[in-house]
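The values are calculated or read from the model by the stated rules, or taken from the named source; none is laboratory data. On a predicted model such as this, the values are computed, not experimentally measured, just so you know. Here Cβ is always computed from backbone atoms with ideal geometry, including for glycine, and neighbour counts include all displayed protein chains.
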Amino acid sequence: MAYTNVELLLIVNFLHVISYAIIVPILPYYFRTRDATYSMIGILCACVFIGRSVNKELLALLPNGKKYTIATCLYLTFVYYFIMVFYDDLVTSFIVKFLFALTIDIVYTSKEFVTRSEPEDHHYHICNLIELTKYCALIVGAVLGSYIYSHSSNSSTNFIISSSLALVCILILQRVDSDDSAMEKRPSELFSLSELCKRRLRQLKRVEIVDKWYLFMSKSIYIFLCNIYFARICYILIDQYNVSYMQLGYTAAIENMVICACSIIVPFVTERYDDKRELLLHSMFVSGILLAGFYSAPSYGCSIVAFMCLTFFCTMINGMLHDDVLNFRYEDELEEVSETVTVLINLFAPIFAGIINDLLGENILDLVAAITLCGYMYVIIRSLFELETANETEEENN
């Protein structure tokens, strides 16, 4: 029985994401057993963000179509996993994690392959199927990875299985037909990123954001809080609730199930509201309350319930920010400044949190996070007040 290109791509994506998800639940224990400090983990988070930010531009340099790009990424991921089987020291793992972030985006490249090789009226359904396959693989991989580690207590076993799955993906991909490499390619902007960064940084001094100060601050503090709190979730679960390997795996599986469900439900919820900006601000306000509830929950079960609700509202917030509910895109300079600040926060917030935790202790970091959360709630309330005032003024003028 011959499989179509789409079916083979779905299998490749499913196995590839499983190979990655098998590793994720064991990383907190992996870094703990190798005496990694929070500063090191913060630097790693920043490096991973850089890798994921430039990976599309890096992959755009590759010739010969999207199948060749997917194959290259699979070969490199196999090499990374295989290296970790034999060299699992901290420095090697950090380097490999950064390199892996540069070539992980196989799901996105598979969608691009579909747009080249399949009829246009099938693109939407196939891309959604690829996305659903990714979430299913994340759920299966999280449970499987924690189960393997709990029985072997050795990360090498997880890396061996991941490298084997990556090798299987490479073999299956050989049966996929090549796409048209002669099609027009998107030019890579990798070598112009340094000039773009300099221009964006200079622009920070010139742009006036007085009219949208509270909206701008709401978005910035939200991203800052996400970097401080979410980077520590696994360690909070281990330290505060003493969860086992399997519980951590189940938590990762639950998280992906909730994200998958929310990605389906959230568009229907947002469509029911006319004032998207007010919905965004109210969602941010509720997320702040849930964030405090999650970190002060009396038990693991309560924390999971709070986390599921928090994931729903964060998915809604991220979707509306992506759709530019704040209307920053109507002012090109303001949009660029917002993107620049977002990048800077994603780069330096994890490092800042790690340094505070290592130098001053976890209690001081919790205090900084609590003060930031209070400021976040204040800014949201002021933004809602400003929005209500603007709406009343507009009604009076009409």
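Test of understanding: among Thr37, Thr72, Thr115, which residue is more than 23 Å from Ser164 (Cα to Cα), without any contact (Cβ under 8 Å) to a residue 40 or more places away in the chain, assigned by TED's automatic domain parsing to the domain that holds Thr157 and not aliphatic (A, V, I, L, M)? Walk me through it before giving the result.
On the way: Thr37 fails: without any contact (Cβ under 8 Å) to a residue 40 or more places away in the chain; Thr72 fails: more than 23 Å from Ser164 (Cα to Cα).
Only one candidate passes the filter, namely Thr115.
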Point to revise | Tyr81, sole failed condition from (1) crowded, with 18+ Cβ neighbours inside 10 Å; (2) free of Cβ contacts under 8 Å to residues at least 24 places away in the same chain; (3) among the hydroxyl-bearing types (Ser, Thr, Tyr) | key: (2)
Check your understanding: What do you reckon, is Leu344 without any contact (Cβ under 8 Å) to a residue 60 or more places away in the chain and closer than 23 Å to Ile236 by Cβ?
Key -> no
Practice item. Looking for whichever is in contact (Cβ under 8 Å) with a residue 40 or more places away in the chain and either closer than 16 Å to Leu171 by Cα or crowded, with 19+ Cβ neighbours inside 10 Å (or both) here; the options are Lys66, Lys56. Which one fits? Key: Lys66
**Study point:** Residue check for Ile50: at pLDDT 75 or above, surrounded by fewer than 18 Cβ atoms within 10 Å (Cβ to Cβ), of a type in the set (A, V, I, L, M, F, W, C) and assigned to a helix (DSSP H, G or I)
**Key:** yes
